[in-house]
Amino acid sequence: MSGVKVIGEALANMPWQERPEDSNEVVWRYSENPIIPRNPFPGANSTFNSAAVAFNGKFAGVFRCDSTAREMQIHVGFSDDGINWQINPERIEFINEDPEVTRWEYAYDPRVVWIEDRYYITWCNGYHGPTIGVAWTKDFQTFHQLENAFLIFNRNGVLFPRRINGKYMMLSRPSDNGHTPFGDIFLSQSPDMEHWGCHRHVMGTTDGWQSTKIGAGPIPIETSEGWLMIYHGVLTSCNGFVYSFGAALLDLDAPWKVLYRSKNFLIAPWQQYECVGDVPNVTFPCAALTDAPTGRIAIYYGCADTVTGLCFTTAQAVIDHLKAGN
Ligand code: BMA
């Protein structure tokens, strides 16, 4: 089937490499991975699970940089080409009149999305346990923190890039206070980005690479066929968790309805930099850039909780693959 359309902006300058001639992969890695090293500034232990967006004709991002004290923190970065990044060595200081809202414990696994007139950031925010932090910025200098979206325990909060039926929508993965040996993807709705309800189950674990837990990755991509959701899946091996990723297609008007989902992973930890690091065997996608006219997708993913990688695909390639039962 051809004719899949990405609904959105053109982004002709986004990072891109054609699929290698000898490859038949649906998603292929950037040849120069990893793009961001462990330690892009003194005091960083690892830089991974991070989010990039188009900003002022160039790129901005929010990066998970665990410190050499092994604190989990998020930092702003900027890039001319989406590949070479300058990351601010100071973690983001959020502002809000109420100090309870900005109370600091830890912050990790950010996502960033443009909605209407500003960028929203969601992340796993420590508030007596992990929950979903929410903030907005217009300039990547000043970050206004809002109320946490949910009670603890929750992770992988991912906003849709527009209101649907008049409501903001967020995917999340309720969890526990530890390394969570379970987890399904849910969807919650809000009229104002503060009060979340009308919770819907989206999808659960199955078998193989997605048998232990699953969680949404990048901001869902709007296409003519549905919302393309890239998500990670975890299996439990004799040696611990293994993080791979796949994709699902969600109904455009009722995005808790799953039309198709991956049986086979699209990317699993096969490369050395995905298998060796602070947490071995992790490929963890948190962001995707798209160029609507060509349908190109560039996915940013954390590798072994240590460095950041980039891989490529097209909406057509992924959706054809899903519809063929893969
Ligand atoms: C999860 C989070 C992710 C991490 C993953 C694998 O619980 O901490 O940031 O990539 O574990 O260690």
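A few comments on the model shown:
- Comparison of VAL234, VAL307 shows that the only residue that is in contact (Cβ under 8 Å) with a residue 12 or more places away in the chain, in contact with a Gly (Cβ under 9 Å, 6 or more places away or on another chain) and within 21 Å of TYR30 (Cβ to Cβ) is VAL307.
- Selection status of THR236, more than 13 Å from LEU171 (Cα to Cα), open to solvent by 50 Å² or more (accessible area, probe 1.4 Å) and in a strand (DSSP E or B): yes
- Considering only residues in region 56-66 that are more than 20 Å from GLN17 (Cβ to Cβ) and touching a Ser or Thr at 6+ places or on another chain (Cβ under 9 Å), the one that is nearest to the ligand (Cβ to nearest atom) turns out to be ARG64.
- Filter pass, TRP104 being open to solvent by 50 Å² or more (accessible area, probe 1.4 Å), more than 25 Å from GLU274 (Cβ to Cβ) and aromatic (Phe, Trp, Tyr): yes
- Residues satisfying the stated conditions in region 270-290, i.e. more than 10 Å from the ligand (Cβ to nearest atom) and crowded, with 21+ Cβ neighbours inside 10 Å: GLU274, PRO285, ALA287, ALA288, LEU289, THR290
- Whichever residue in region 19-47 is open to solvent by less than 20 Å² (accessible area, probe 1.4 Å) and of a type in the set (A, V, I, L, M, F, W, C) and, among such residues, is farthest from the ligand (Cβ to nearest atom): TRP28
- Residue, nearest to TYR231 (Cα to Cα), within region 297-322, restricted to residues that are among the β-branched types (Val, Ile, Thr) and within 13 Å of the ligand (Cβ to nearest atom): THR308
- Any chance SER50 is surrounded by fewer than 17 Cβ atoms within 10 Å (Cβ to Cβ) and either in contact with a His (Cβ under 7 Å, 6 or more places away or on another chain) or hydroxyl-bearing (Ser, Thr, Tyr) (or both): no
- Scope region 243-275; condition farther than 24 Å from SER31 by Cβ and in a strand (DSSP E or B); matching residues: ALA248, LEU249, LEU250, VAL258, LEU259, TYR260, ARG261
- Every residue from region 275-313 that is in contact with a Lys or Arg (Cβ under 6 Å, 6 or more places away or on another chain) and under 21 Å from GLU18 (Cβ atoms): CYS311
- The set of residues in region 129-149 being assigned to a loop (DSSP other than H, G, I, E, B) and either farther than 22 Å from ILE230 by Cα or among the basic types (Lys, Arg) (or both) consists of GLY129, LYS138, ASP139, PHE140, GLN141, THR142, LEU146, GLU147, ASN148.
- Taking region 205-224 as the range and being buried (at least 20 other Cβ atoms within 10 Å of the Cβ) and either within 13 Å of the ligand (Cβ to nearest atom) or not polar (S, T, N, Q) (or both) as the test, the residues that pass are TRP209, LYS213, ILE214, GLY215, ALA216, GLY217, PRO218, ILE219, PRO220, ILE221, GLU222.
- Of all residues making up region 113-165, the number that are open to solvent by less than 60 Å² (accessible area, probe 1.4 Å) and within 16 Å of the ligand (Cβ to nearest atom): 16
The values are calculated or read from the model by the stated rules, or taken from the named source; none is laboratory data. Just so you know, these numbers come straight off a predicted model, no measurement behind them. With ideal geometry, Cβ positions are generated from the backbone for all residues, glycine too; neighbour counts draw on all protein chains shown. Areas reflect the complete protein model, heavy atoms only, side chains present, ligands, DNA and RNA absent. Shrake-Rupley method; radii C 1.70, N 1.55, O 1.52, S 1.80 Å.
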